[in-house]
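Engineer: Please read through the structure below; I'll follow up with questions.
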Protein chains: 2
Amino acid sequence: MNPESKSTTKSLPLEGVIVLEFCQYLSGPSAGLRLADLGARVIKIENPGKGDLCRILPIKNRWVENDSLLFHTINRNKESYTANLKSEHELAEIKRLIGKADVLMHNFRPGVMEKLGLGYEAVKALNAGLVYAEISGYGAEGPWARKPGQDLLLQAMSGLMFASGNQKDGPMPFGLAIGDMLCGAQAVQGILAALVHRKRTGKGSRISLSLLESLLDMQFEVLTTYFASGKRPLRSAVNSAHPLLGAPYGIYATKDSHLAIAMIPIAPLREALGCGELERFDQSMVFTHRDAIKQVLADFLKSATTDHWLAKLREKGLWAMDVKDWKQLKATQGYRQSNLEQIIKLTNGQSIKTNRCPIRIDGEVLLSDRPAPTLGEHTASIKQEFN
Amino acid sequence: MNPESKSTTKSLPLEGVIVLEFCQYLSGPSAGLRLADLGARVIKIENPGKGDLCRILPIKNRWVENDSLLFHTINRNKESYTANLKSEHELAEIKRLIGKADVLMHNFRPGVMEKLGLGYEAVKALNAGLVYAEISGYGAEGPWARKPGQDLLLQAMSGLMFASGNQKDGPMPFGLAIGDMLCGAQAVQGILAALVHRKRTGKGSRISLSLLESLLDMQFEVLTTYFASGKRPLRSAVNSAHPLLGAPYGIYATKDSHLAIAMIPIAPLREALGCGELERFDQSMVFTHRDAIKQVLADFLKSATTDHWLAKLREKGLWAMDVKDWKQLKATQGYRQSNLEQIIKLTNGQSIKTNRCPIRIDGEVLLSDRPAPTLGEHTASIKQEFN
């Protein structure tokens, strides 16, 4: 047996917690995935037609069985229950299920669940201890409530596009769905805090998140600076890596590749590298002369290899790193020792490899080899169990 | 009284939970901040000399009282207790405090807490129900355990630098400390899950996180694709916004500014914009001809303003957005209605403005006007209370 394909057998913290996930795409389902890996039983409630639309979302045209690889990645370790929520009979069955659940999550646009009769006030009457979590693009109220809550659009309107890249670059998106992922992470926080609260008081809560609030929260350091000064912290003209940090913080091209340099004071940096041109600058100038210092370094570091510079900086205990792609990272001993991957067994006998949960408990990694469910795979068994 | 400067008065979910934060800089303290905003009592345990080194970390040279504005932003709503952990007497006092705490968090390098006699096995003997959370750069074991766990260096070695920017750009850092923030968010998840577990079993747990595992987790969609194909998903040559998504997904310059376009199928996009040149392409080509399609769009969209294109796309219900900086965002009605800011009152009578917690509970935002503590501000009162 492949040692990677095992599931964790130890008792998990959320054992016994039942989560109903009325979610699709990434934000809500990524929260469900985390709860599942922490031991909750996560049941996706899906439309009997197409289900979670992520099942048919192609990424690089990669498919596994009938669903997109993306869907498998986000929805492993869950069950699927299909119900037509417009059928009175099926809705009644869903309500019985809600009566026995601990958590209900949805990421529909504001108003959709209410229209179905599954808004918080309605379901609270069925289950006073229920934790009800809702994720939207812009919150339930205000002029934007009905707008599509899509990651790139929210990045565009949240100011985030002026964090990465250099000053003269246009707006620069972050190349992953960071709003969805952060919002999902914060939904997990809110849900778990509400479960702690319920243990103390017996009462449920409604937890609300939005992509907009999550993306602003991610910018809390830079936004607070903006509130204080009224000036947007500008990206460096060259080698920018964080708009708030002075020189030399950035990524530099070398003779053969690239080098990351963190906050290193000017004097030890100059000495370690042997860069005489840096003598024009002292520590008081790392903000005022940020671009000039970075330009001197950028020109100088091209003269030798990354390994050459790394050796000189590390000899003095200064913070630097070579830039790796995944192939280079996977080839390292550190990666192999960190047990970062896991194998998911599919029902057709195939398997896929994916990341494991980043949280370790009592020194052990959390693994699960359970695949994503086929649409409606568990409807019959769940009906039998709960009705 | 300024309505923004109020603290939430309703009962908060983590009321009664005592957290000892042996943390500095961003990853651990950002977790402590979230726990505090959710109602926990968070006590920073600091060195009596300088305390959390973030107090003296300059960002854009902005200071508030004696500490950096950055420190205030991350450490508001907490208490500060100073102790020299190398003094036997003061360590004994800390141990008494640990005996009464619910959570202990630290982000020292692996081995430091053990050397102080505050490793998990040692403190578990003092408090079997304690939730002990540790954040490191690379995990407690393996060849990297003693390396500096700094955000930019971890971004550099995690493969993340090939997500943003265009294909011919070099490695592109994400311009905020995203590893620190995600790792802190996941620490909160682990801690809260462990509190739920403790309510059920009476037992504490050790929760371990690392920046490396958090940054790989953030890449789980793209990494799973890489595991399946052996090929790194490449960024677009032009207008890249997510390496896994086909055309037109990206940010485009217009006659006067920029426009974000999400996943819109080619045919309705062509019709809405009136872009005849797109007739050369159909939906089956959005991956194979991604760069060519994007280049056609990039050239075409320069001919009119963002508002012009937005009106045409929105008329058809297609997903697009103008790109805003913070000034433009703050000027919107939606921002004003969302109650996104809060005022922190400082002990010297000044106040600062910052973001609030992104989680809403029962429809209410969580506000706290408590400032960051001065170094050791609460040492005496906490000693009196707990000894």
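Read-outs: derived from the displayed coordinates by stated rules, not from any lab. Given the structure is predicted, the values throughout are model-derived calculations rather than measurements. FYI the Cβ positions are ideal-geometry reconstructions off the backbone, even for glycines, and counts take in every protein chain you see.
Engineer: List the residue ranges in chain B for DSSP H helices whose C-alpha atoms run 15 angstrom or more along the long axis and whose Kyte-Doolittle average is -1.0 or above.
Structural biologist: On the way: long enough: B:27-37 (16 Å, -0.07); B:88-100 (19 Å, -0.62); B:178-201 (34 Å, 0.50); B:290-301 (16 Å, 0.32).
Flagged H segments are B:27-37, B:88-100, B:178-201, B:290-301.
Engineer: Per residue of A:202-214, how many C-beta atoms from partner chains lie within 10 Å of its own C-beta, taken as a mean?
Structural biologist: Shielding by partners across A:202-214 averages 4.
Engineer: For region A:350-382 and region A:178-241, what is the separation of their Cα centres, given in Å?
Structural biologist: Spelled out, the Cα-based centre of one part sits 27 Å from the other.
Engineer: Another question, if that's okay. Suppose every Lys and Arg Cβ carries +1 and every Asp and Glu Cβ carries -1, with no other charges. What dipole size does the protein assembly as shown come out with about its Cα centre, to the nearest 20 debye?
Structural biologist: Once rounded to the nearest 20, the dipole reads 380 debye.
Engineer: Please report the net charge: other residues with Cβ closer than 11 Å to the Cβ of B:PHE281, K and R +1, D and E -1.
Structural biologist: Neighbourhood net charge equals +1.
Engineer: Over the alpha carbons of the protein assembly as shown, what is the largest minus smallest coordinate on each principal axis, giving the biggest first in Å?
Structural biologist: Dimensions of the protein assembly as shown along the principal axes of its Cα atoms: 69, 65, 59 Å.
Engineer: Report, for the protein assembly as shown, the % of DSSP beta bridges that are antiparallel, rounded to 5. Working shown, then result.
Structural biologist: Values: 36 of 80 bridges.
Close to 45 percent.
Engineer: Quantify how strongly other chains surround peptide B:250-263 by giving the mean number of their Cβ atoms within 10 Å of each of its Cβ atoms. If you can, show how the numbers build up before the last one.
Structural biologist: Working: counts 2, 8, 1, 2, 0, 0, 0, 2, 4, 2, 10, 3, 7, 4.
Average neighbour count from other chains, rounded to a whole number: 3.
Engineer: Also: Counting only other residues whose beta carbon sits under 12 Å from that of B:GLY179, what net charge do I get with K and R as +1, D and E as -1?
Structural biologist: Neighbour charge sum, excluding B:GLY179 itself: -4.
Engineer: Could you calculate, for region A:61-108, the ratio of the Cα radius of gyration to the Kirkwood radius, expressed as Rg to Rh?
Structural biologist: 1.08
Engineer: Using packing as a proxy for protection, rank A:280-290, A:40-50 so that the peptide with the highest average count of other Cβ atoms within 10 Å comes first.
Structural biologist: Top of the packing list down: A:40-50, A:280-290.
Engineer: Let me ask something else about it. Evaluate the charge dipole of region A:250-330 about its Cα centre and quote only its size in Debye, nearest 20, assuming +1 on the Cβ of each Lys and Arg and -1 on the Cβ of each Asp and Glu.
Structural biologist: Here the size comes out at about 260 debye.
Engineer: For a protection proxy built on the mean count of beta-carbon atoms within 10 angstrom, sort A:208-214, B:98-104, A:306-312 highest first, please. Don't jump to the answer; show the numbers that get you there.
Structural biologist: Details: A:208-214: 28.0, B:98-104: 20.7, A:306-312: 16.9.
For the peptides A:208-214, B:98-104, A:306-312, the packing ranking is A:208-214, B:98-104, A:306-312.
Engineer: Could you work out the mean count of beta carbons from other protein chains within 10 Å of each residue's beta carbon in B:140-149? Write out the running numbers ahead of the final one.
Structural biologist: On the way: counts 2, 4, 8, 6, 6, 2, 0, 4, 7, 0.
Per-residue shielding by partner chains comes out at 4.
Engineer: Another question, if that's okay. Run the label-point distances for B:GLY317 please: 7 Å along Cα to Cβ, every other copy, nanometres, shortest first.
Structural biologist: In nanometres, ordered from closest: 6.3.
Engineer: Sticking with this structure for a sec: Once the principal axes of the Cα atoms of region B:250-330 are found, what is the range along each, listed largest first in whole angstroms?
Structural biologist: Result for region B:250-330: principal-axis Cα extents of 40, 23, 21 Å.
Engineer: Which values, in whole Å and largest first, are the semi-axes of the equivalent ellipsoid of chain A obtained as the square root of 5 times each eigenvalue of the Cα gyration tensor?
Structural biologist: So the three semi-axes of chain A are 46, 26, 18 Å.
Engineer: Along the positive direction of the dipole of region A:250-330 (beta-carbon charges: Lys, Arg +1; Asp, Glu -1; about the Cα centre), which of A:LEU313, A:MET285, A:PRO268 reaches farthest?
Structural biologist: A:LEU313
Engineer: Between copies, how close do the A:PRO265 label points come, placed 7 Å along Cα→Cβ, listed in nm from shortest?
Structural biologist: Nearest first, the other copies' label points are 6.2 nm away.
Engineer: Could you tell me the calculated FRET efficiency between A:ALA380 and B:ALA128, based on Cβ-Cβ distance and R0 = 51 angstrom, to the nearest 0.05?
Structural biologist: Step by step, r from the Cβ atoms, then E = 0.75.
Engineer: If you don't mind, there's one more thing I want to ask. Placing a label point 7 Å from Cα toward Cβ, how far apart in nm is B:GLY349 from its equivalents in the other copies, listed shortest first to one decimal?
Structural biologist: The answer, with the shortest distance listed first, is 8.1 nm.
Engineer: What residue among B:VAL64, A:LEU35, B:LEU12 has its Cα farthest toward the positive end of the dipole of the protein assembly as shown, where the charges are +1 on Lys, Arg and -1 on Asp, Glu, each on the Cβ?
Structural biologist: Towards the positive end, the residue furthest out is B:LEU12.
Engineer: Could you compute the net charge surrounding A:ARG198? Neighbours are other residues with a C-beta less than 11 Å from the C-beta of A:ARG198; K and R count +1, D and E count -1.
Structural biologist: Details: positive: A:LYS199, A:ARG200, A:LYS203, B:LYS199; negative: A:ASP102.
Net charge around A:ARG198: +3.
Engineer: Only Lys, Arg, Asp and Glu count, each charged at its Cβ (+1, +1, -1, -1), so figure out the dipole size of chain B about its Cα centre, rounded to 20 debye.
Structural biologist: The calculation lands at about 220 debye.
Engineer: While we're here: Based solely on its DSSP helices, what 222 nm [θ] is calculated for the protein assembly as shown when runs of n ≥ 4 H residues each add -39,500 (n - 2.57) and the sum is averaged over all residues, nearest 500 deg cm²/dmol? Don't jump to the answer; show the numbers that get you there.
Structural biologist: Details: 30 runs with 274 residues, N = 774.
Using -39500 (n - 2.57) per qualifying helix, the result is -10000 deg cm²/dmol.
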